[in-house]
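The values are calculated or read from the model by the stated rules, or taken from the named source; none is laboratory data. Just so we're clear, the structure is a prediction, and the values are computed from it rather than from any experiment. Cβ sites come from the backbone with ideal geometry, for glycine too, and all protein chains shown count toward neighbours.
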Amino acid sequence: MANNFQYGGQAVIEGVMMRGPHTRSIAVRVPEGNIVVDSKRVGSVTRRYPFLKWPLIRGVVALVESLVIGIEALSFSASRAMGEDEELSKTEIVVTIGLAFALAVVLFVVVPTGAAHFLKNQVQGSFAQNVLEGVLRLGIFLLYVVLIGRLQDIKRVFQYHGAEHKVINAFEAGEELVVEKVQRFSTFHPRCGTSFLLIVMVLSIFFFSLLGHQVLWWRITSRVLLLPVLAGVSYEALKLSAKYADNALCRLLIAPGRWMQSLTTGEPDGSQVEVAISALGAVLRDEDNKDSKDNVKAPLPVVGAALQRSEDQVNVG
């Protein structure tokens, strides 16, 4: 049932992508000032192969599917925000994901692992070297986020990231989805991908510190091979912390993620929140229509005046 699904999204260029159990919608503010919305049915390989929903496995599947949908959303938003119609082909999306993965491996695996290896004379013992490697990895990640956050275009994306969180928070609280009411909510959300990445970085310190002494080539290779395991464990940790967010211990555990999100989210203005509302509103309408056809009526919150005002300017693709 749709109402059991945890809705979520992603900031894109001058817009927001929201995803439901069967639909994803991208809302983008185009140069003319109106909002363009593209809605599309999406599936999951877990429906065909239920065992992929098992704990530890489901996190890796969710990550891969999110990457594919996310790159597609970025391609759509970039073309619309710049007033163009050309988007990435499926082949280009695969190549883009491959290049992004390769860059991530270089930055967050090869560089910290190589640095720790070459400092082995200064840091004695494999455990200490592995801990140093993890600390370096975390430091590179934080530096990367801080540096890209200084770019004006990325600051805009971070504001849309904040708008996405506010709308999801308002929706999960059962609030009417209008700009004035949505703006009262926090830009922090416990299921954020930023928190997931931070959990991966922190767990890698403990995870890889358990490994013994290794030659450099195998040390790098083992990190890459174990990434799916690390991602699976991190996904379960994120879901657990979000489920028990009111627990004192969980609040302590998610505190670093809250701080990290302060770097990757900005306070959005009303027009950015309106875009995020448009994206979620389109998803909810499509999911509601599907549930009606299946004779399962999901509760649909009131999408108020903000979205109603923009609907005359919205093109649904």
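For this structure, a couple of remarks:
- Selection within segment 181-197 - assigned to a loop (DSSP other than H, G, I, E, B), within 18 Å of Met17 (Cβ to Cβ) and within 13 Å of the chain's Cα centre (by Cα): His189, Arg191, Cys192
- For the residues Val275, Val229, the requirement of being assigned to a helix (DSSP H, G or I) and either under 18 Å from the mean Cα position of the chain (by Cα) or of a type in the set (Gly, Ala, Ser) (or both) singles out Val275.
- Qualifying residue in segment 162-175 (condition: of a type in the set (A, V, I, L, M, F, W, C), in contact (Cβ under 8 Å) with a residue 24 or more places away in the chain and not in a helix (DSSP H, G or I)): no
- Boolean, Leu253 is at pLDDT below 90 and within 16 Å of Ser195 (Cβ to Cβ): yes
- Filter result for the condition that a residue is on the phi < 0 side of the Ramachandran plot, surrounded by 12 or more Cβ atoms within 10 Å (Cβ to Cβ), in contact with a helix residue (DSSP H, G or I) (Cβ under 7 Å, 6 or more places away or on another chain) and touching a residue at least 40 places away in the same chain (Cβ under 8 Å), over Leu67, Leu74, Leu63: Leu63
- Any hit, segment 88-99, residues being among the aliphatic types (A, V, I, L, M), under 24 Å from the mean Cα position of the chain (by Cα) and crowded, with 16+ Cβ neighbours inside 10 Å: yes
- Against the numbered list (1) surrounded by fewer than 21 Cβ atoms within 10 Å (Cβ to Cβ); (2) of a type in the set (Val, Ile, Thr); (3) under 22 Å from Val135 (Cα atoms), Val178 comes up short only at (3).
- Residue match in segment 111-119 (condition: in a helix (DSSP H, G or I), over 28 Å from Lys243 (Cα atoms), at pLDDT 95 or above and aliphatic (A, V, I, L, M)): yes
- Residue count, segment 113-132 (criterion: touching a helix residue (DSSP H, G or I) at 6+ places or on another chain (Cβ under 8 Å) and aromatic (Phe, Trp, Tyr)): 1
For (1) within 28 Å of Ala104 (Cβ to Cβ); (2) at pLDDT below 95, each residue gets a yes or a no:
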residue: Gly162; (1), (2): yes, no
residue: Phe171; (1), (2): no, no
residue: Val178; (1), (2): no, no
residue: Cys192; (1), (2): yes, yes
residue: Leu197; (1), (2): yes, yes
residue: Val200; (1), (2): yes, yes
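- The one condition in (1) farther than 29 Å from Phe188 by Cβ; (2) modelled with pLDDT of 95 or more that Val157 fails to fulfil: (1)
- Of all residues in segment 205-226, those that are outside any helix (DSSP H, G or I) and either of a type in the set (Phe, Trp, Tyr) or modelled with pLDDT of 90 or more (or both) total 1.
- Single unsatisfied condition, Arg48 versus (1) crowded, with 20+ Cβ neighbours inside 10 Å; (2) out of contact with any Gly (no Cβ under 7 Å at 6 or more places or on another chain): (1)
- Candidates in segment 236-270 are the residues that are touching a Lys or Arg at 6+ places or on another chain (Cβ under 7 Å) and in a helix (DSSP H, G or I); of these, the one that is surrounded by the fewest Cβ atoms within 10 Å (Cβ to Cβ) is Ala242.
- One residue alone among Ser195, Ser209 is in contact (Cβ under 8 Å) with a residue 60 or more places away in the chain, buried (at least 16 other Cβ atoms within 10 Å of the Cβ) and within 27 Å of Leu119 (Cβ to Cβ), and that residue is Ser209.
- If you go through segment 103-160 and keep only what is surrounded by 15 or more Cβ atoms within 10 Å (Cβ to Cβ), within 30 Å of Gly15 (Cα to Cα) and basic (Lys, Arg), you end up with just Arg156.
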